[in-house]
Amino acid sequence: MPSINHRIYWSSIVQDSWQLFIAKTENGLCYVSSPSGSFEEFTAYIKKQFPSATLEINDDFLAHYSQELTSYLKGSKQKFSLPIDVKGTPFQQQTWQALKEVPYGQTISYSEIANRVGRPSAVRAVATAIGANPLLITVPCHRVIGKNGTMTGYRGGLAFKRFLLDLEIQNSARN
C-alpha cells in the first residue's frame, strides 16, 4: 500500500528572546519546539514522526495556535482549547493525558504521574515518556518536578521551565 503524502503546516512564534516552531496536521497541533530548538531539530522530528509529510509554512493556518500560545506566554491564557494530534505509544499517550490534567500553577512529581497512570514502579518510564512530549507548554510537562521539589530536566531548558512555572504561579495568585 503506498504511503499517503500529507502536509504538515508550520509557523514560528517570537516572544521576547524566544522563538518557538509550531506545526499542525489537518487534525491538530503536532509539535511545539523548545525556545532554543533549531529549525533542523524541528524538521528532523517531523520527518521521523511523519515520514511521508511535506512541510509547508502557513502562518494563517496556525494563527489561532500562535494566538493561544502567545496569550499563555503573556499570562492572559491558562488553558488551551484547540485540538492536538500527537503521536506516541499507548503508554506515552496515557502519560501525556495525565500531564494535561495537572492544574495550571501547580506542580507534580514523576512518581505522582506514575501513580496516576497506574504504574507506580515505572517512574523512569514515565520520565522517558514525559521527555518525549512533542507539545511543550500545551501538554504541560514543565509542571513536573523532582519528588523532593527540585527542578529537573526539561527539553525547553531549565530557565524556560522556571519562567513558565513562575508565570503560572504569579497568575494563579491573582485569581
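The values are calculated or read from the model by the stated rules, or taken from the named source; none is laboratory data. Here the structure is a predicted model, which is why all the values come from computation and not from measurement. Note that we place each Cβ from the backbone using ideal geometry, even for glycine, and neighbour counts take in every protein chain shown. These area figures cover heavy atoms from the full protein model, side chains too; ligands, DNA and RNA do not enter into them. Shrake-Rupley method; radii C 1.70, N 1.55, O 1.52, S 1.80 Å.
Measuring between their Cα centroids, the range 149-175 and the range 95-116 lie 14 Å from each other.
If the chain between Asp85 and Lys47 were fully stretched, how many nm would it gain, using 0.36 nm times the residue separation less the Cα-Cα distance? Intermediate values should be presented prior to the final figure.
Working: separation 38, 0.36 × 38 = 13.68 nm, distance 1.52 nm.
Length gained between Asp85 and Lys47: 12.2 nm.
By the gyration tensor of its Cα atoms, with a ≥ b ≥ c the square roots of the eigenvalues, what is the shape of the range 108-175: rounded for a/c under 1.5, prolate for a/b over b/c, or oblate? The shape class here is prolate. Along its principal axes, the chain has C-alpha extents of 48, 38, 26 angstrom, given from the largest down.
Take every pair of alpha-carbon atoms less than 8 Å apart whose residues are at least six positions apart; their mean separation over the length of the chain yields a relative contact order of 22 percent. Within the same chain, lysines fewer than 8 places from Lys87 are excluded, and of the rest, those with a Cα less than 26 Å from its Cα are Lys24, Lys47, Lys48, Lys77, Lys79, Lys100, Lys161.
Run the accessible area of the range 1-150 with a 1.4 Å probe and give the carbon-and-sulfur part as a rounded percent. Can you show the working numbers first?
Working: 3900 of 7850 Å².
After summing per-atom areas, the C and S share lands at 50 percent.
Name the residue from Val123, Leu135, Gln97 whose Cα lies farthest towards the positive end of the charge dipole of the chain, charges +1 on Cβ of Lys and Arg and -1 on Cβ of Asp and Glu. Looking along the dipole axis, the top candidate is Val123. Summarising the amide proton neighbourhood of Ala132: residues at separation of 5 or more, or on other chains, whose placed amide H is nearer than 5 Å comprise an empty set.
Counting only protein heavy atoms and using a 1.4 Å probe, the accessible area of Ser52 comes to about 30 Å².
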